[in-house]
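The values are calculated or read from the model by the stated rules, or taken from the named source; none is laboratory data. Note that the structure is predicted; figures quoted are calculated from it, not measured. Here the Cβ positions follow ideal geometry from the backbone for every residue, glycine too, while neighbour counts run over all protein chains shown.
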Amino acid sequence: MAKICNAQVKSSSGGYNRVFNNDEMGRLMAKVQSTVISNGSELEKIILSKTQNITNLDEYIDNVTDGNIPNGTYVCTKKILKKSSYKLEKNEPDLLIFIVQQRRVCKIIELKDGEYFDTKKSWGELEHLERFNQHIGAKIPFVCDYYVCCFNQSSKEEIVKGFKNAFEIEHVMTGRELCEILNISYEEIIEERKKDAKANIEYFYQQLMAIPAIREMIEQDNNADDN
């Protein structure tokens, strides 16, 4: 999990400043929000640290076609995909999982860290995945299919509901299912992401107590209790 103390935000925290009418509180909350957003990229980094990763997609596909890739599971990121001849502008998914066995399979993954989703974008995300699936499926020697994976959700039914039924249940995936496909431990990733939680609580408390308005409120409450 990302650390709040490492978050970089603008000097003006805009909306948060107005919510609290306090610049220091606004900046702290903006750092928390920035950390929440960055957790998605942190999740991907952890996953990639445990998998066999493709560094050149064009070379990889050529080698698979020529029978030079041993059986196994391989992962391609959006960054690598964008450098390849298989890119589709503005429609690239987060991950491609290539499973090389007797039957070659490519799983196209849109990875979500949260449990709640921007339902206004659900149909657009579905359209992008379907379009990319058709695009790459016609170009590579793999059977392709697409999925939206909500890493922290354990119920596929809840994922479907969260996306307002835009996705059929066979096109959604839990984090545990993703880890099973990649042959990595879901529990290990969850525990690894908890490591920074204690540091985040301590940092948030320290920064909160450094705000004069907060200290004043606490002192007033303490004096009221004493009386």
Q: Quick one: which residue in 168, 127 is modelled with pLDDT of 95 or more and either over 26 Å from residue 50 (Cα atoms) or surrounded by fewer than 16 Cβ atoms within 10 Å (Cβ to Cβ) (or both)?
A: 168
Q | Elements of type helices (runs of 4 or more DSSP H) contained in the range 1-70, each with 2 or more residues being exposed (fewer than 15 other Cβ atoms within 10 Å of the Cβ) and of a type in the set (A, V, I, L, M) | A | 23-48
Q: From 89, 110, 130, grab the single residue that is in a strand (DSSP E or B) and not hydrophobic (A, V, I, L, M, F, W, C).
A: 110
Q: List the number of the failed condition for residue 190; all other conditions in (1) on the phi > 0 side of the Ramachandran plot; (2) surrounded by 14 or more Cβ atoms within 10 Å (Cβ to Cβ) hold.
A: (1)
(Q) Restricting to the range 134-154, name every residue that is under 20 Å from the mean Cα position of the chain (by Cα) and either at pLDDT 95 or above or buried (at least 19 other Cβ atoms within 10 Å of the Cβ) (or both). (A) 145, 146, 147, 148, 149, 150, 151, 153
Q.
Looking at the structure I just gave you, is residue 49 of a type in the set (S, T, N, Q), over 14 Å from residue 140 (Cα atoms) and out of contact with any strand residue (DSSP E or B) (no Cβ under 9 Å at 6 or more places or on another chain)?
A. yes
Q. Of all residues in the range 147-161 being touching a strand residue (DSSP E or B) at 6+ places or on another chain (Cβ under 7 Å) and assigned to a loop (DSSP other than H, G, I, E, B), which is farthest from residue 131 (Cα to Cα)?
A. 154
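Table: residues versus (1) more than 14 Å from residue 136 (Cα to Cα); (2) among the polar types (S, T, N, Q); (3) without any contact (Cβ under 8 Å) to a residue 40 or more places away in the chain.
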residue: 33; (1), (2), (3): yes, yes, yes
residue: 43; (1), (2), (3): yes, no, no
residue: 66; (1), (2), (3): yes, no, yes
residue: 71; (1), (2), (3): yes, yes, yes
residue: 81; (1), (2), (3): no, no, yes
residue: 88; (1), (2), (3): no, no, no
residue: 92; (1), (2), (3): no, no, no
residue: 95; (1), (2), (3): no, no, no
Q. What is the number of the single condition among (1) of a type in the set (A, V, I, L, M, F, W, C); (2) assigned to a helix (DSSP H, G or I); (3) under 27 Å from residue 69 (Cα atoms); (4) out of contact with any strand residue (DSSP E or B) (no Cβ under 9 Å at 6 or more places or on another chain) that residue 201 does not meet?
A. (3)
